[in-house]
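Just below is one structure, and these are the notes that go with it.
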Amino acid sequence: MFTVDVEMNRVFARLLTSTLTALAISLGSVAIFVLPQGVVAAQEEHSRGQDRVPTDSPSKSRFLSALKAYKAQRYTAAKGELEPLVKSAPDNFEVNELLGLVYVAQDKQAEANRFLAKAVQLKPNVVEARTALATNLLALRRENEAELQFKKIVALEPQSYDANHNLGEFYIQTGKVANAIPFLKRAQEIDPAAYNNGYDLALALEQSGKLDEARERIQGLISLRDSAELHSLLGEVEEKSRAYLTSAKQYEQAARMEPSEQNVLNWGAELLLHQTFAPAIEVFQAGTQRFPQSAPLHNGLGIAFYGAGQLDDAARSFFQASDLNPKDPLPLTFLGKACDGVSAALAAQIRSRLQSFVTGNTQNADVTYYDAICLWRMNQTEPEPELTVQIESLLKHAISLDPNYADAYFQLGTLYADQHRYSEAVAQYERTLKLNPNSANPHYRLGQVLARLGNENRAHEEFAVFERLRKSESDETTTKQNQIQQFVYTMRKSDPNPQ
């Protein structure tokens, strides 16, 4: 057996720091963990243990060769040296750990786990080895086991920034945001200047609804390192706090500091939520000039034009958004809402696009519904029976895709009423009201068809309900505002870089 001397251990310690960094990078989405700094001292202490790499020259040479190959990222060569060693020295900590890291570097996490777990078994108090094992377990989606390892690291080093930060980040990545907060707070207490931990803590507080504390954390970070992402996060906090003007200013500051696609989108979207359409148009126009391939920014510009009543301009913007991301139904849905207010040429283009989308993708209830509505409006001047059949078919298909689509039931009832199919119209209006009993217009329409069927008493009841609801129902402007708000939230969630 040879004793790994202190100098060799220092080399290995430096290597271990870099290899663990490579480990985090290689795990892609789990590359969240800060690596402990006291590696040298820990490795020197562990070198005094009983487990040693064999001292015979061939084994020592093979281990050093593997170490060198690993550092040079020649992982196949390193594995070739280590696999015979682990057979001859199965209980050697260093050999097991390094072979585990080699397998991780080759994206063979399942194979790596055997050796990383063995290393932890051999030396349970080496936090670096546990960190490697925990990160590898997370990559394997063995979250419960990973959590156990991260917790043990905190138990071993409760005053360690890295141990607390890593456990907090683990909880964020696994969706347990509330659980992350105590550990991120502890890490921040240990290192108040740690920007990444501070940002993640503020984000966790914001997502947990602790808005005052989140605001305080963000403002503290801004005083240490002013950045666009902090102003953007503060904008989210202020928006949730209903401080809309302050929110808009923060989003604007973020966009001016770093005019990225996302920051411009956030600023413009906030202006849309305030119904300040003229400034929103300016922001989105500048954004689409800077990022002409951004579908969300073209959608934002379309919504701004729509809110300002410039429907032809809105349609053209939605056309561009749809061309950039043909699978996204959002611009087509807005085009469907605008199809009766645009010029005849654009209305024909809208109908054509809706029809093409429905033909290629029959699973979207909204686009199918608006395809029916646009066709109906185009068919009102000189109705053609075959188009009426097509409209009915589209509305029924929308309902089959979404059985709770109240508007589709309502329009189907209106279609039947226009055809004097009053009993069928009653059934559709009743289904509408079952889903949306506080909507005034279906009560009025139902009253009309009941009167035509001779049911005067019930017709009067429906008209009375209509009068009561009409006084409290939102006006057209409020309805439009609600539509814009809903589409802004949908737009913000859309993928800015569609494939």
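Quick look at the values:
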read-out	value
Subset of the range 181-197 [at pLDDT below 95, part of a helix (DSSP H, G or I) and among the small types (Gly, Ala, Ser)]	none
Candidates 454, 447, filtered to the one that is farther than 30 Å from residue 270 by Cα and exposed (fewer than 14 other Cβ atoms within 10 Å of the Cβ)	454
Candidates 137, 156, filtered to the one that is open to solvent by 40 Å² or more (accessible area, probe 1.4 Å), in contact (Cβ under 8 Å) with a residue 24 or more places away in the chain, of a type outside the set (Lys, Arg) and more than 25 Å from residue 199 (Cβ to Cβ)	156
Hey, residue 412 of a type in the set (A, V, I, L, M) and surrounded by 16 or more Cβ atoms within 10 Å (Cβ to Cβ) or not	yes
Options 261, 213: the member that is under 28 Å from residue 181 (Cα atoms), within 24 Å of the chain's Cα centre (by Cα) and not hydroxyl-bearing (Ser, Thr, Tyr)	213
Near pairs, Cβ below 6 angstrom, 6+ apart or cross-chain, from the range 223-241 (assigned to a helix (DSSP H, G or I)) to any residue that is open to solvent by 50 Å² or more (accessible area, probe 1.4 Å) and of a type in the set (A, V, I, L, M)	228/257
Looking only at the range 351-388, and only at residues there that are assigned to a loop (DSSP other than H, G, I, E, B) and under 21 Å from residue 311 (Cα atoms), the one that is least open to solvent (accessible area, probe 1.4 Å)	379
In the range 305-321, the residues that are of a type in the set (A, V, I, L, M, F, W, C) and in contact with a Gly (Cβ under 7 Å, 6 or more places away or on another chain)	311, 314, 318, 321
Segments classed as helices (runs of 4 or more DSSP H), wholly inside the range 257-350, with at least 1 members that are closer than 23 Å to residue 230 by Cβ and open to solvent by less than 20 Å² (accessible area, probe 1.4 Å)	261-273, 277-290, 295-307
Out of 143, 128, 94, 81, sole residue that is under 30 Å from residue 186 (Cα atoms), surrounded by 17 or more Cβ atoms within 10 Å (Cβ to Cβ) and acidic (Asp, Glu)	128
Every pair of residues 6+ apart whose Cβ atoms lie under 7 Å, when the first sits in the range 71-82 and is closer than 16 Å to residue 96 by Cβ while the second is among the basic types (Lys, Arg) and part of a helix (DSSP H, G or I)	81/62
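The values are calculated or read from the model by the stated rules, or taken from the named source; none is laboratory data. Keep in mind that this is a model prediction, so the values were computed, not measured. Every residue, glycine as well, gets a Cβ built from its backbone with ideal geometry; the counts of neighbours run over all protein chains shown. The protein model used for the area step is the full one, side chains on, heavy atoms only, and it has no ligands, DNA or RNA in it. Shrake-Rupley method; radii C 1.70, N 1.55, O 1.52, S 1.80 Å.
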